[in-house]
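The values are calculated or read from the model by the stated rules, or taken from the named source; none is laboratory data. This structure is a prediction, so every number in the text was calculated from the model and none was measured. Note that each Cβ is placed from the backbone with ideal geometry, even for glycine, and that neighbours are counted across all protein chains shown.
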Amino acid sequence: MPFPIVVYRIANERGNASWIRWSPAEDVLEIANTLGEFSELRQALAGYRFGQGSASSVKKNFAEYQFDKLDDGRQRASDENGVVWIRWSHPSFHKGNPELVGTMRRKPSKRKTKPKGSNGN
């Protein structure tokens, strides 16, 4: 199951509201940085058999699916309890629109490919 679909499901599970939520406009995903390094999200991803061993893997997946980490002064918004929320947005990632989430694709790889017949020398 692709990363955005799994994250969408996790974001909509009732038991996760203490650490993952939608913005009031339901167009931005907010993830609490309570234990640091996406620990709650990594644990939830593992429950879906989605291997996310490190915070850098989570960040890489957000980047590969072209999520924007909001950094216009709203990147880290604290709530009334002092919890810092890291915010991610994507034009196709909105609460109540799972059909759009299913259209999300990884951005094309920038890897250099060897020409056919090349032996690497």
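Could you please find all residues in the range 19-53 being assigned to a loop (DSSP other than H, G, I, E, B) and at pLDDT below 90?
The answer is N33, T34, L35, G36, E37, F38, Y48, R49, F50, G51, Q52, G53.
Checking the condition closer than 15 Å to I86 by Cβ and surrounded by fewer than 17 Cβ atoms within 10 Å (Cβ to Cβ), which residue from E37, E26, E30 passes?
So the residue among E37, E26, E30 that is closer than 15 Å to I86 by Cβ and surrounded by fewer than 17 Cβ atoms within 10 Å (Cβ to Cβ) is E37.
Can you find a residue in the range 72-90 that is surrounded by 16 or more Cβ atoms within 10 Å (Cβ to Cβ), out of contact with any Lys or Arg (no Cβ under 8 Å at 6 or more places or on another chain) and among the charged types (D, E, K, R)?
no
When you go through (1) out of contact with any helix residue (DSSP H, G or I) (no Cβ under 8 Å at 6 or more places or on another chain); (2) assigned to a loop (DSSP other than H, G, I, E, B); (3) not β-branched (V, I, T) one by one for K95, which number turns out not to apply?
That leaves (1) as the condition not met.
Does V28 satisfy being closer than 23 Å to P91 by Cα and touching a Phe, Trp or Tyr at 6+ places or on another chain (Cβ under 6 Å)?
Answer is no for this residue.
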